[in-house]
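First comes the structure, then the notes that go with it.
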Ligand code: R5P
């Protein structure tokens, strides 16, 4: 069956073109405009009738706009006879908001709402990568492929790890602990340790880490801090500072999604990690060589290609 891939405006590193080329899928043209009032206008410029339509969209600094755009793209494909619509979204927006944080506050379950919206727009399958929590899978009636990419990171890290007993994998919060343990296994059975993290209540300071307590023994070891994402950098930098105080030696940061909001890049540069590994699930724009000189990008193209 004929396939075509369209990209939304989060694709400013041209990852979608790379995926299309590697998979021999036609890369479609799209018109994205904004009305004076700010509403979006979408037009798919290639025929979609009877075709499998892939939509590539990930995160950028305007997540709500990206979501609306994705819904309009899917709906344009559905209303014009696409056979199946598959969203490729290496970082699935709003997936961290998978539950109410407290019983007594009137909060939405945002990730669940997103599931309904994507399905209603016509999306029949989602390919994503390293979800923050698999809890959200239960919100979907359509299949979601959650690609785990530990092996891609491990391939690069194994080039650095000479003696396994000198290294530990540390998870910066309890949510990331299971992933840290799996990653440590893939790296040949490294020891693991973890932090317990408390955040400030969102009514006070959203995103702020209030406390981070360590469980393990790190003295004299090198550390791989492994997390699903770095957003403001608050978690990872606080964890690094504590590890240094406790006697850790080299510290490598490995995280799948480089959200890098606000001045996160500058903060990471100052933190001076021995090495940083991010995937290209989110494009890192303006990554000047001065900034994050120790950064290495893990390319997800081949992994995504396998599933198209
Ligand atoms: C949250 O639990 C995630 O796993 C990350 O630790 C978090 O999103 C990172 O956020 P930030 O970089 O703003 O501390």
Item to check | the chain: angle of helix 63-79 to the longest principal axis, Cα-based, in degrees nearest 10 | outcome: 40 degrees
Checklist entry - Mean projection of the alpha-carbon convex hull of region 3-85 over all orientations, in nm²? => result 5.2 nm²
Next on the checklist: Only Cα pairs within less than 10 Å get springs; with that Gaussian network setup on the chain, which residue of 284, 186, 236 has the largest fluctuation?
Outcome noted: 186
Item to check | FRET efficiency estimate (nearest 0.05) - Cβ-Cβ, residue 284 to residue 135, R0 35 angstrom | outcome: 0.80
Checklist outcome for this item: For the chain, shape from the Cα gyration tensor axes a ≥ b ≥ c, cut at a/c of 1.5 then a/b versus b/c, turns out prolate
Item to check | Gain on full stretching of the segment that runs from residue 26 to residue 46 - 0.36 nm per residue minus C-alpha separation | outcome: 6.2 nm
Checklist outcome for this item: With -39,500 (n - 2.57) per DSSP H segment of 4 or more residues and division by the full residue count of the chain, the 222 nm estimate, nearest 500 deg cm²/dmol, is -8000 deg cm²/dmol
Checklist entry - Among 293, 105, 78, which one shows the biggest mean-square fluctuation in a GNM of the chain, springs joining Cα atoms closer than 10 Å? => result 105
Item to check | Orientation-averaged projected area, Cα convex hull of region 191-308 (nm²) | outcome: 8.8 nm²
Checklist entry - Just from the alpha-carbon atoms, what are the Rg and Dmax of region 92-189 in angstroms? => result 17.2, 52
Item to check | Pair residue 37, residue 80: separation of 7 Å Cα→Cβ label points (nm) | outcome: 2.4 nm
Item to check | Extension gain (nm, one decimal) between residue 270 and residue 145, 0.36 nm per residue minus Cα-Cα | outcome: 41.4 nm
Checklist outcome for this item: Checking 297, 67, 55 against a Gaussian network model of the chain (alpha-carbon springs below 10 Å), the top fluctuating residue turns out to be 297
Checklist entry - When the chain is fully extended, how far beyond the present Cα-Cα distance does residue 263 get from residue 113, taking 0.36 nm per residue of separation? => result 51.0 nm
Next on the checklist: Compute the helix-to-body angle for 177-186: its Cα long axis versus the longest principal axis of the chain, expressed 0 to 90° and rounded to tens.
Outcome noted: 80 degrees
Checklist entry - Taking other Cβ within 10 Å of each residue's Cβ, how do 307, 257 sort, fewest first? => result 307, 257
Next on the checklist: Compute the angle between helix 234-245 and the longest alpha-carbon principal axis of the chain, please, reported from 0 to 90 degrees and rounded to the nearest 10.
Outcome noted: 20 degrees
Checklist entry - Label points 7 Å out from Cα along the Cβ direction at residue 102 and residue 165: separation in nm? => result 4.9 nm
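Where a number appears in this text, it was derived from the coordinates with a stated rule and is not lab data. Nothing here was measured: the structure is a model prediction, and the numbers come from that model. Cβ coordinates were reconstructed from backbone atoms using ideal geometry, including for glycine residues, and neighbour counts include every protein chain displayed.
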